[in-house]
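See structure below.
The values are calculated or read from the model by the stated rules, or taken from the named source; none is laboratory data. Bear in mind that the values here come from a model prediction, so they are computed numbers and not experimental data. Neighbour counts are summed over all protein chains in view; Cβ atoms, including those assigned to glycine, are modelled from backbone coordinates with ideal geometry. Heavy atoms of the whole protein, side chains included, go into the accessibility calculation; ligands, DNA and RNA do not. Shrake-Rupley method; radii C 1.70, N 1.55, O 1.52, S 1.80 Å.
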Amino acid sequence: MIEVINSVSDWKQILADKKNIKSIGFVPTMGALHKGHLSLVEKSVEENDLTVVSIFVNPTQFNDPNDLKNYPRNFDQDKNLLELHNVDYIFYPDYSEIYHDNYRYKVQELEFSKKLCGASRDGHFDGVLTVVMKLLNIIEADTAYFGEKDYQQYLLIDGMVKAFFMKTKIIPCATIRSAAGLAHSSRNELLTHKHREIAPLFAKLLRSNLSVEEIKNELNKSEFKVDYIEEIGSRRFGAVWLGKVRLIDNVELGREQNDTMS
Ligand code: AMP
C-alpha cells in the first residue's frame, strides 16, 4: 500500500526506521501526473529499493498568480496512478511545512537562470532551486530523476547539487511525447480543443532544419505567440504561448532524437 506523508518529521522517522534500505529514488513533481512523470517514476522504481514521489505545487516558482490558481490539481487520481506504479511513498506537504521561513531564505544562480525561461519569468528559477534544495534535504534520496523536457531546469538543479556538495545524484530522463510529437505537460490540459490540435507544430518546427528566424516566422503565421526560440550549445530551446497557456520544449541539434513517443 502506498503511504502519504505530509510532514517532514514523519518522513525523518520513516528514514530512521529504515536504516538498512540500500537506495532511495525520488521524483519531485507538481502533480496532475501524465506519462512524462510516470516515465521518471518507472525508472526510479526499477533502479531503487524504495521510491518517493513528492506532489507540491510550489507557489514561489509562479510569477503569475493566475497561472498558480489555474494549475491543474488532481491528488486522488495521482495517488491511484502512483499506487499502480508501485511507488512506496507520496510526500504531500502544505505550504507552511515547506516554507516555515516564509521564503526568507532562497537559493539563486546568477547567470544561466537569467536566460531562456528566466528572462521572462522573474524569480522562477529562485523558486525552483529553493524548493528542490529543500525537498532533496528532506527526502535524503540517493538519486533524483528530472525530465529533459525542462532542460534548463535540469541543468540548474544539477549545477546546484554540485555547487553545494549535495549527496543526491541527479539523473536526466528523455522527454515523453504524444504520437503527434507534443511533449506531455500538465499545462496541456488547459489548452482549448483547437489549440491542442495545433500545439504539435511547435515541436515539429523545433526539430526541423529551419533557422531560428524561420521557425519564429512559421509560428507567428499560426496562433502561437513566441516567447523565445534560441540555440545554446547543441540544443535548441523554445517557449510559446497558445492563448493563456505557455508551452516549453527543447531538442538536441544534429542528432537523431531519442525522445519517446507514447
Ligand atoms: P512538473 O510536475 O511539471 O514540475 O514536472 C515534474 C518532473 O517531470 C520534472 O522533472 C519534469 O521535467 C518532468 N516532466 C514533465 N513533463 C515531462 C515529459 N513530457 N517527459 C519527461 N519528463 C517530464
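Could you pull out the residue among TYR151, TYR145 that is more than 23 Å from GLU231 (Cβ to Cβ), under 12 Å from the mean Cα position of the chain (by Cα) and not assigned by TED's automatic domain parsing to the domain that holds GLU231? Before you say what the answer is, go through the steps one by one.
Numbers: TYR151 fails: more than 23 Å from GLU231 (Cβ to Cβ).
Of the residues listed, the single one that is more than 23 Å from GLU231 (Cβ to Cβ), under 12 Å from the mean Cα position of the chain (by Cα) and not assigned by TED's automatic domain parsing to the domain that holds GLU231 is TYR145.
So, GLU148, is that one acidic (Asp, Glu), within 13 Å of the ligand (Cβ to nearest atom) and surrounded by fewer than 16 Cβ atoms within 10 Å (Cβ to Cβ) or not? It is false that GLU148 is acidic (Asp, Glu), within 13 Å of the ligand (Cβ to nearest atom) and surrounded by fewer than 16 Cβ atoms within 10 Å (Cβ to Cβ).
On inspection, LEU110 fails the criterion of being surrounded by 14 or more Cβ atoms within 10 Å (Cβ to Cβ) and not β-branched (Val, Ile, Thr).
Here is a yes/no grid of residues against (1) farther than 21 Å from ASP67 by Cα; (2) of a type outside the set (Ser, Thr, Tyr):
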{"position": "MET166", "(1), (2)": "yes, yes"}
{"position": "LYS194", "(1), (2)": "no, yes"}
{"position": "SER211", "(1), (2)": "yes, no"}
{"position": "SER222", "(1), (2)": "yes, no"}
{"position": "TYR228", "(1), (2)": "no, no"}
{"position": "GLY243", "(1), (2)": "no, yes"}
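Only a single criterion out of (1) surrounded by 14 or more Cβ atoms within 10 Å (Cβ to Cβ); (2) part of a helix (DSSP H, G or I) is not satisfied by ASN137, namely (1).
SER44: surrounded by 20 or more Cβ atoms within 10 Å (Cβ to Cβ) and either touching a strand residue (DSSP E or B) at 6+ places or on another chain (Cβ under 8 Å) or at pLDDT 95 or above (or both), yes or no? Give the steps one after another, and end with the answer.
Working: surrounded by 20 or more Cβ atoms within 10 Å (Cβ to Cβ): yes; either touching a strand residue (DSSP E or B) at 6+ places or on another chain (Cβ under 8 Å) or at pLDDT 95 or above (or both): yes.
So SER44 fits the description; yes.
Of all the residues in region 217-231, those that are out of contact with any Phe, Trp or Tyr (no Cβ under 7 Å at 6 or more places or on another chain) and open to solvent by 60 Å² or more (accessible area, probe 1.4 Å) number 6. Quick check: is even one residue across region 180-200 more than 30 Å from LEU136 (Cα to Cα), open to solvent by 60 Å² or more (accessible area, probe 1.4 Å) and within 19 Å of the chain's Cα centre (by Cα)? The answer is no; no qualifying residue exists. Evaluation of VAL87 against the conditions (1) more than 15 Å from the ligand (Cβ to nearest atom); (2) β-branched (Val, Ile, Thr); (3) farther than 26 Å from HIS124 by Cβ shows that the sole unmet condition is (1).
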